[in-house]
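Undergrad: Can you read through this structure? Questions will come right after.
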Amino acid sequence: MVSYKQASTLEELEQILALQQENLPKNISAEESAKEGFVTVEHTLEQLKAMNDECGHIIAVENDAVVAYALCMHPKFGDTVEVLRSMFVEIDEIRGNRMDYMAMGQICVAKSHRGKGIFRNLYLTMKEKLPTGFDTIITEVDGQNKRSLAAHSAIGFETLKVYWSGGREWYLIGLK
């Protein structure tokens, strides 16, 4: 049975990184990337730990193994991941310098667990665990990641802005 919680151990963070590696475009075929989706950012253990210390990442666990995750990224980390810097610039343009939202830095469900409602439950858990004063989850999705765009739309994310950065089209989306 799958349970949901905030990551609390180094081993869980390492399992997040292993799952991330399995779903990076460099490690899957173009066909799989188009059909199943992909993750864009490759984090370091130090980055994950620092973000987790601020607000615990949401994980789905089955038999002591992380089978899915949603990374919580407090706005103060907006300058720490190169590919996400433009997202935080765009958020600031829309919301001003308010830091009353949590960025979801990346979400991933293991291939063996897709189509079972885990994606939705990660976000429900994330909303439940948001720190006091935070009322919105904001993230961005690569315009080529059609599966992710559809999944986010299905659970209520709304497009805040579409923009280009680094030669890619990005959808900035939010969930209240």
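The values are calculated or read from the model by the stated rules, or taken from the named source; none is laboratory data. Everything quoted here is computed from the prediction, not taken from an experiment. Heads up, the Cβs are rebuilt from the backbone with ideal geometry, glycines too, and the neighbour counts pull from every protein chain shown. Only protein heavy atoms, including side chains, enter the accessible area calculation; ligands, DNA and RNA are left aside. Shrake-Rupley method; radii C 1.70, N 1.55, O 1.52, S 1.80 Å.
Undergrad: Where does the charge balance sit around Glu11 when Lys and Arg score +1, Asp and Glu -1, over other residues with C-beta under 14 Å from its C-beta?
TA: Residues near Glu11 contribute -1 overall.
Undergrad: With only Lys, Arg, Asp and Glu charged, each at its Cβ (+1 for the first two, -1 for the last two), find how big the charge dipole of the chain is about the Cα centre; round to the nearest 20 debye.
TA: Dipole magnitude for the chain comes out near 540 debye.
Undergrad: Now a separate question. Tally up the carbon and sulfur contribution to the accessible surface of the range 1-64 as a whole percent, 1.4 Å probe, everything protein left in place. Numbers along the way, then the final one.
TA: Details: 1680 of 3410 Å².
That fraction is 49 percent.
Undergrad: Can you list the cysteines of the chain that have no other Cys Cβ under 4.7 Å away?
TA: For the chain, the answer is Cys108, because their Cβ atoms have no other cysteine Cβ under 4.7 Å.
Undergrad: Next up: Please work out the Cα center distance from the range 34-65 to the range 116-146, rounded to the nearest Å.
TA: A separation of 13 Å, based on Cα centres.
Undergrad: Next question, about the same structure. What list of ³J(HN,Hα) couplings, whole Hz, do you get for the range 11-19 from phi and the Karplus terms 6.51, -1.76, 1.60, once you set θ to phi - 60° and write x for glycine and proline?
TA: For the range 11-19, the Karplus curve yields 4, 5, 5, 5, 5, 4, 4, 5, 5 Hz.
Undergrad: Moving to a separate point now. Using θ = phi - 60° and the Karplus form 6.51 cos²θ - 1.76 cosθ + 1.60, what ³J(HN,Hα) does each residue of the range 65-80 get, whole Hz, x for Gly and Pro?
TA: So the Karplus estimates, Gly and Pro as x, are 10, 6, 10, 6, 8, 9, 7, 8, 10, 4, x, 5, 8, x, 9, 8 Hz.
Undergrad: May I pose another question? Calculate, for the chain, the solvent-accessible area per residue in square angstrom, rolling a 1.4 angstrom probe over the heavy atoms of the protein chains.
TA: Heavy-atom accessible area per residue stands at 49 Å².
Undergrad: Can you send over the carbon and sulfur percentage of the accessible area for the range 94-151, probe radius 1.4 Å, protein chains only?
TA: Working: 1400 of 2750 Å².
Carbon and sulfur atoms account for 51 percent of the accessible area of the range 94-151.
Undergrad: Once phi is turned into θ = phi - 60°, what whole-Hz ³J(HN,Hα) does the Karplus curve with 6.51, -1.76 and 1.60 give for every residue of the range 165-176, x standing for Gly and Pro?
TA: 7, x, x, 10, 8, 10, 9, 8, 10, x, 10, 8
Undergrad: Also: Please find, in a Gaussian network model of the chain (springs between Cα atoms separated by less than 10 Å), the residue of Tyr163, Tyr101, Tyr69 whose mean-square fluctuation is greatest.
TA: Tyr163
Undergrad: Taking the chain as a Gaussian network, Cα atoms linked when under 10 Å apart, which of Asn52, Asn27, Asn145 shows the biggest mean-square fluctuation?
TA: It is Asn27.
Undergrad: If I take every Cα pair under 8 Å that is 6 or more residues apart in the chain, average their sequence separation and divide by the length, what percent do I get for the relative contact order?
TA: 21 percent
Undergrad: Now for a separate question. Under a 10 Å cutoff between Cα atoms, tell me which one of Ala70, Ala154, Ala60 has the largest fluctuation in the Gaussian network model of the chain.
TA: Largest GNM mean-square fluctuation: Ala154.
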